[in-house]
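Below is one structure, written out as structure tokens; comments come after it.
The values are calculated or read from the model by the stated rules, or taken from the named source; none is laboratory data. These figures come from a predicted structure and were not determined experimentally. Glycine also receives a Cβ, built like all others from the backbone with ideal geometry; neighbour counts cover every protein chain displayed.
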Amino acid sequence: MKILRFAAVGVAAALTLAACGNSNDSSSSDTPSASKAPEAATIKLWLNGTDTPDALRQYLTTTFAAQNPGSTLVIEQQDWTGLVPRLQTALASADQTPDVVEIGNTQSPTFTYAGAFADITDMKAELGGDKLLPGFVEAGSADGKFYAAPYYSGARAVFYNKDAFAAAGVEVPTTLADFTTVAKKLQAANPSGSGFWLPGQDWYNGASWLYTNGGDFAVKDGDKWKGALEDPKSLKGLEQVQDLFKNATKAPADANSDQPWVPFNAGQAAMFSAPTWARWSIDLPQCNKGVAKDDVSDAAKAALKEQQACNEEHTGVFPLPGIEAGSYATGFAGGSNIAIGAKSQHKELAKNLLKIIFSADFQNMLGKNGLIPGNSAYAASMGDDVYAKAAVAAALNAKLTPAAENWATVEGNRTLEDFFQQIASGADIKTAAATADKQIADALNN
């Protein structure tokens, strides 16, 4: 029997979600007669941040309308910051729930176990079956059923300014230790800027040092979870992160990882780490052609193509190296799952939208925009340029956060942001780790 727990993301939501989504009384409304088309309606899709480009959003709205006459798809963009509490409110309400929702892969287990999503096990084969990204499938499954499908993965790679590297006399690093050395030299060459843009709350990138040294955020101990930041392997990685905070970045200790290309574009950072789709956000002043956003003329398109070529001429990319030369760091596997809200009143239309999202056309569009498609059969669409190669190399050893039922509570509490901010501010790592480990254990075992 499926465990329906929503205490992990809010008691109030538990009162309304406990009976939703996966109970027997919803089966009749979820599966109308196969011979009858679903009633026309407007359905709502939540997409987070700017990871899904405008062209792909337009494709979804127009294709959905064409394939579902009389129905309309409305896409609402949500911020990643504060997403968990917004979801716990919206998914608990039939009036507010998104029909289809993008959710961070690390947040999927909590909402999946909570009964927040509709069962789409019958669609798994059609959406990609064994070709779906396995770690993401695990994050979106519970008790042998499938609830949240992999949307995309965004393995992180390091972008660097070639001119800044030349000025500092450094080369692309081949080991994790070399990376720190290079970052410090870049910092010294431009004291007012950052060798590596690493904001204090950026645990997504900080995780690479933790994981690569064999550490973790939490581990299962019998039938309980315990925080793992105090483990010697974790501490070793965290010490390396604190070294970067102290000696290789001027990024604010109280800032998050949002839009790291902004300081890079402004010449305030020589390197930053992000999913490889960030290539389209790089806009160096010497390359900008001043094309208006609403200019769709052939001349504008030609200018933008020239602008992008210039940006890529002055920018390099490489996967974060591992401990040994020739190896790669174990980075955080960013990305999203996508699911149907259990309280959606238009589940058949929502399923039709999922079919479009997992169609060959859309999956290939994800790949061409630097996102690793949820269906790995379309990974070749990423191409074979340096960005695609860096993404694939970074994804080889990428790792998710612990697949704990209550992991979204840890993120909702901003435990990791607070912990890394303390390290960035010079706190004693062991003391801060002990406090964070207790908070993690309390959240995961609640």
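Below, the figures for the structure above:
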| quantity | calculated |
| --- | --- |
| Selection status of LEU304, in the same structural domain as LEU176 (by TED's automatic domain parsing) and either touching a His at 6+ places or on another chain (Cβ under 6 Å) or not basic (Lys, Arg) (or both) | yes |
| Answer from ASP143, ASP119, ASP221, ASP216 - the residue that is at pLDDT below 95, of a type in the set (Asp, Glu), farther than 23 Å from GLN286 by Cβ and in contact with a Lys or Arg (Cβ under 9 Å, 6 or more places away or on another chain) | ASP143 |
| Meets criteria (closer than 20 Å to GLY128 by Cβ and either of a type in the set (A, V, I, L, M) or outside any strand (DSSP E or B) (or both)) for ILE356 | yes |
| Count of residues meeting criterion [more than 17 Å from HIS346 (Cα to Cα) and more than 19 Å from the chain's Cα centre (by Cα)] in segment 89-114 | 3 |
| Verdict on GLU312 being part of a helix (DSSP H, G or I) and not assigned by TED's automatic domain parsing to the domain that holds LEU45 | yes |
| Unique match (being modelled with pLDDT of 95 or more, assigned to a helix (DSSP H, G or I) and in contact with a Lys or Arg (Cβ under 6 Å, 6 or more places away or on another chain)) among ALA441, ALA377, ALA350 | ALA441 |
| LEU210, sole failed condition from (1) over 29 Å from TYR152 (Cβ atoms); (2) crowded, with 16+ Cβ neighbours inside 10 Å | (1) |
| Evaluation of THR276 against (1) surrounded by 15 or more Cβ atoms within 10 Å (Cβ to Cβ); (2) farther than 24 Å from ALA394 by Cβ (one fails), failing number | (2) |
| Top-ranked residue in segment 53-91 [being in a loop (DSSP other than H, G, I, E, B) and at pLDDT 95 or above; ranked as surrounded by the most Cβ atoms within 10 Å (Cβ to Cβ)] | LEU91 |
| Set GLU171, GLU138: member being surrounded by fewer than 18 Cβ atoms within 10 Å (Cβ to Cβ), among the charged types (D, E, K, R), within 21 Å of the chain's Cα centre (by Cα) and over 20 Å from SER344 (Cβ atoms) | GLU138 |
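Quick grid of which residues meet (1) crowded, with 21+ Cβ neighbours inside 10 Å; (2) in contact with a Leu (Cβ under 9 Å, 6 or more places away or on another chain); (3) at pLDDT below 95:
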position	(1), (2), (3)
THR110	yes, no, yes
LYS124	no, yes, no
PRO134	no, no, yes
ASN161	yes, yes, no
